[in-house]
Amino acid sequence: QEYTLKLSNSTRTDDPLIRYKQDVAAGIERLVARDYYAARKRFTSAVLMSEIQNGDEAAHHSDLSWREVLAPEDVSLFAGILSLAFGSTTEQEELADHAEALASVPMIRETVVQVTKNADFKQAWSLLDQHAFRPLAADICIGSHLPAIKQQIKERFVLQYWRPYKCVSLKGMADRLG
C-alpha cells in the first residue's frame with residue numbers, strides 16, 4: 001500500500017485515465033495484501049469513474065482501460081464480487097444502478113440486483129455458482145482469495161436475510177401473528 005499511496009499523493013491529477021490506473025493498481029495491491037475492503041473500494045472507484053468529466057467529454061469506463069494489467073471487464077467483475085462480500089447494501093445498489101459500472105458483467109449486475117432489490121439470496125448464489133466461481137477460481141489475481149470471498153458472501157447473505165428480523169422478538173411475533 002505504501003507504493004500506491006505514494007503514487008496517488010505524488011501524481012495528483014484530474015486525468016481520469018491516470019486515476020483509473022491508480023485505482024486498479026491499488027485494488028490489485030490491496031487484494032494481494034488480503035485487505036478486501038480496501039480492494040473493493042478501489043475497484044469500485046475505478047468502475048464508477050464513467051461519470052467523471054474530462055474537459056468537455058465524459059470519461060467512459062470502457063475508454064479507461066489498462067488491458068496490459070487488468071481488463072475493464074475484470075475490474076467490474078472484481079468490484080461486483082468484492083461488493084457482494086464486503087460492501088454495504090447502499091454501495092451494492094449504487095453499483096447495480098450505475099449505467100456502465102457492471103455493464104460488461106451482466107451476470108454480476110443481476111446477482112447484485114437479486115440481493116439488493118429482491119432479497120433473493122438463493123437465486124443470487126445460484127448465479128454466482130453457475131457463472132462466476134469457476135472462472136474466478138482460475139483467475140491469477142483473485143483465484144487464491146476465492147474461498148475467503150465465497151465464505152464472506154455466504155455470511156453476508158445470511159446477515160442480510162435476518163436483518164429485518166433483528167428488532168422482532170419471538171414473543172412479539174407470536175402475539176401479533178397468533
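Here are some notes:
- The overall shape of the range 97-178, judged from the alpha-carbon gyration tensor, is prolate: a/c is not under 1.5, and a/b is greater than b/c.
- Averaged over its residues, the range 86-178 has an accessible area of 62 Å² per residue, based on protein heavy atoms and a 1.4 Å probe.
- Contour excess over end-to-end distance, with Cα ends at Arg67 and Asp129 and 0.36 nm allotted per residue: 19.7 nm
- Kirkwood hydrodynamic radius (C-alpha pairs) into Stokes-Einstein, the range 113-155, 20 °C and 1.002 mPa s, D in µm²/s: 196 µm²/s
- Charge dipole magnitude, Cβ of K and R +1, D and E -1 - the range 77-167, Cα centre, debye nearest 20: 400 debye
- The label-point distance for Arg34 and Ile18, in a model that sets each label 7 Å from Cα toward Cβ, rounds to 3.5 nm.
- Compared with the alpha-carbon gap, the fully stretched path from Ala119 to Thr90 is longer by 9.1 nm at 0.36 nm per residue.
- Among 72-80, 109-117, the peptide with the highest mean count of other Cβ atoms within 10 Å heads the list, and the full ranking is 72-80, 109-117.
The values are calculated or read from the model by the stated rules, or taken from the named source; none is laboratory data. These numbers were taken from a predicted model, which means no experiment stands behind them. Glycine also receives a Cβ, built like all others from the backbone with ideal geometry; neighbour counts cover every protein chain displayed. To get the accessible areas, we keep the full protein, side chains included, count just its heavy atoms, and leave off ligands, DNA and RNA. Shrake-Rupley method; radii C 1.70, N 1.55, O 1.52, S 1.80 Å.
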